[in-house]
Amino acid sequence: MENTRRSFIKKVTAAGIGTAGLAIGGNVAAATTLDAAEPQTKKKAVGKDDGKLRFGFIGTGSRCQEHINNVLAIPGNKIVAICDIQKGPLESTLKHIAKFGVAEPKVYTGSERAFEQMLNNEEFDCVIIATPWEWHVPMSVAAMKAGVPYVGVEVSAANTVEECWDLVNVSEATGSQLNILENVCYRRDCMAALNMVRQGLFGEMIHATCGYQHDLRDVKFNDGTQYSYKKGGELRMGPTAFAEAQWRTQHSIRRNGDIYPTHGIGPVANCLDINRGNRFLSLTAMATQSRGLHKFIVDNGGENHPYAKIQFNLGDIVTSMIKCANGQTVIVTHDTNLPRPYSLAFRIQGTEGLWMNDGNHVYVEGQSKPHRWDESDEWFKKYDHKLWSSLEEKAKEAGHGGMDFIMMYDFIDAIRNKKPAPMDCYDAAAWSAISGLSEMSIARGGAVVDFPDFTRGQWIHREPHFAL
């Protein structure tokens, strides 16, 4: 136990967590509400000279490198520039790009605002943002105002309701397409279930559950150094999260709400046609007491460890219930501070059946044996989405079981063919707004809060277009 404690103390001390906040080395700045952008003066054309799509990357950690893998695996793309303020990720990413035998991109670094210099100096068809959460909105807004036609932003796209409006207002004002990079929407079972919903297998949609249920205690107290350890019989090699504790853990200290909702709500929103004939109407949320992170510190670092004095604000389990305009209800769960296996807890239920991913169950009235679950595999083979059936071989080496490749392929197809973003600014806003709204509701004792209509009434007439 003593060796474990010494290792833990070394790791979390290097991560720099404190009661006043994280030692972030200038990597994160507080996002501020922004005025609507002036319309851009120059719209950059898709492709130039050699016809290749020009990509830029802001943030060069492990997530960026996964995106680079997929961008360069698809013909007709090149990387013009990359930006980060940290030397280690930049050097690692340049070495990673060199493996593809392509030209080295320009590098922008040196200050928190280096990304603005990159956006002003270069022309892009697409900029990918994979940075700490606080920077998502300022960087997305800057890219759209700079005239970048397509901007891909990692999840969650925004932290507050005001930031969600910033994304919508600037996208509308500039004409730039904002795409939230929610890879779980492209998970193979989620896409098969969406096929089943669209073909009427489950009847009229009634209810859904989803969430982010993932033991992140090691991530929240990990300094990003190389290490290996046994966990659940599996050998893991670091870095598991490049210094992610520098910024992510701070959200557990100062916030109490569903701070990471989009992995769950994205696929559910597609099944319910949110923003396209349906919308989220209201939300109420509650949180349990906060015990898991404190216990983890004490169990691994001892009662006298300095971080044992931190007051974590995030409830161990946050439960939000959403009411939809067409009558459906959705339960969203956030659970990252307690020991548990990973689950997104999908349940898509209609008048004639349902899918539950925990247990891989499907039941279709009139086709399944009465009161007996079917294994979902056979159903999903039959209703496999065409993106997966056509791209399976190319996707199999990509991250997160291949869904990262499918997502990037679909996004690049939209860029090259000048189509709407697969998951646009309204989706980014509606899915991400659960964070701010759940915090409001919890602070008010579970009160019902109205869900903004980010489409300003357009949802009534907009047609579904995701992965058709």
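The values are calculated or read from the model by the stated rules, or taken from the named source; none is laboratory data. Quick caveat: nothing in here was measured; it's all calculated off a predicted structure. With ideal geometry, Cβ positions are generated from the backbone for all residues, glycine too; neighbour counts draw on all protein chains shown. In case anyone asks, the SASA skips ligands and DNA or RNA and just uses the protein heavy atoms, side chains included. Shrake-Rupley method; radii C 1.70, N 1.55, O 1.52, S 1.80 Å.
Candidates A398, A421: the one that is of a type in the set (G, A, S), open to solvent by 10 Å² or more (accessible area, probe 1.4 Å), touching a residue at least 60 places away in the same chain (Cβ under 8 Å) and part of a loop (DSSP other than H, G, I, E, B) is A398.
The single condition among (1) at pLDDT 85 or above; (2) of a type outside the set (S, T, N, Q); (3) more than 30 Å from P464 (Cβ to Cβ); (4) not in a loop (DSSP other than H, G, I, E, B) that D215 does not satisfy is (4). The residue that is farthest from Q458 (Cα to Cα), counting only those in segment 401-418 that are modelled with pLDDT of 95 or more, open to solvent by 10 Å² or more (accessible area, probe 1.4 Å) and not hydrophobic (A, V, I, L, M, F, W, C), is Y409. Quick check: is even one residue across segment 190-209 at pLDDT below 95 and assigned to a helix (DSSP H, G or I)? No: segment 190-209 contains no residue that is at pLDDT below 95 and assigned to a helix (DSSP H, G or I). Considering segment 317-335, the residues that are part of a loop (DSSP other than H, G, I, E, B) and in contact with a strand residue (DSSP E or B) (Cβ under 7 Å, 6 or more places away or on another chain) include one that is farthest from M205 (Cα to Cα), namely A325. Is it true that N69 is open to solvent by 30 Å² or more (accessible area, probe 1.4 Å), out of contact with any Asp or Glu (no Cβ under 7 Å at 6 or more places or on another chain), under 19 Å from G147 (Cβ atoms) and not basic (K, R)? No. Restricting the first member to segment 326-353 and to residues that are under 19 Å from W373 (Cα atoms) and at pLDDT 95 or above, and the second to residues that are among the charged types (D, E, K, R) and open to solvent by less than 40 Å² (accessible area, probe 1.4 Å), no beta-carbon pair is closer than 7 Å while six or more apart or on different chains.
In this entry, S156 passes the filter for residues that are buried (at least 24 other Cβ atoms within 10 Å of the Cβ), closer than 30 Å to S376 by Cα and touching a residue at least 12 places away in the same chain (Cβ under 8 Å).
For residues that are of a type in the set (K, R) and modelled with pLDDT under 95, scanning just segment 41-62, find the one that is surrounded by the fewest Cβ atoms within 10 Å (Cβ to Cβ).
K42
In the set (1) more than 30 Å from S389 (Cβ to Cβ); (2) open to solvent by 10 Å² or more (accessible area, probe 1.4 Å), the condition left unmet by R187 is number (1). Just one of the numbered conditions (1) open to solvent by 20 Å² or more (accessible area, probe 1.4 Å); (2) closer than 19 Å to D358 by Cβ is not true of P261: (1).
Reported count of residues in segment 352-367, each being over 27 Å from the mean Cα position of the chain (by Cα) and open to solvent by less than 10 Å² (accessible area, probe 1.4 Å), is 2. Entry remark, segment 159-177: residues being in a loop (DSSP other than H, G, I, E, B) and open to solvent by less than 20 Å² (accessible area, probe 1.4 Å) number 2 in total.
Please tell me if R279 is more than 22 Å from V155 (Cα to Cα), open to solvent by 30 Å² or more (accessible area, probe 1.4 Å) and more than 17 Å from the chain's Cα centre (by Cα). No: the conditions fail for R279.
For S390, the conditions (1) at pLDDT 95 or above; (2) crowded, with 18+ Cβ neighbours inside 10 Å; (3) small (G, A, S) all hold with the exception of (2). Of the residues making up segment 106-141, those that are in a loop (DSSP other than H, G, I, E, B) and buried (at least 21 other Cβ atoms within 10 Å of the Cβ) are F124, D125, A130, T131, P132.
Each residue in segment 329-351 was checked for being surrounded by 16 or more Cβ atoms within 10 Å (Cβ to Cβ) and over 16 Å from the mean Cα position of the chain (by Cα), and 10 pass. The residue pairs whose first member lies in segment 455-468 and is within 15 Å of W165 (Cβ to Cβ), whose second member is not in a loop (DSSP other than H, G, I, E, B), and whose beta carbons are closer than 7 Å, counting only pairs six or more residues apart or on different chains, are T455/Y426.
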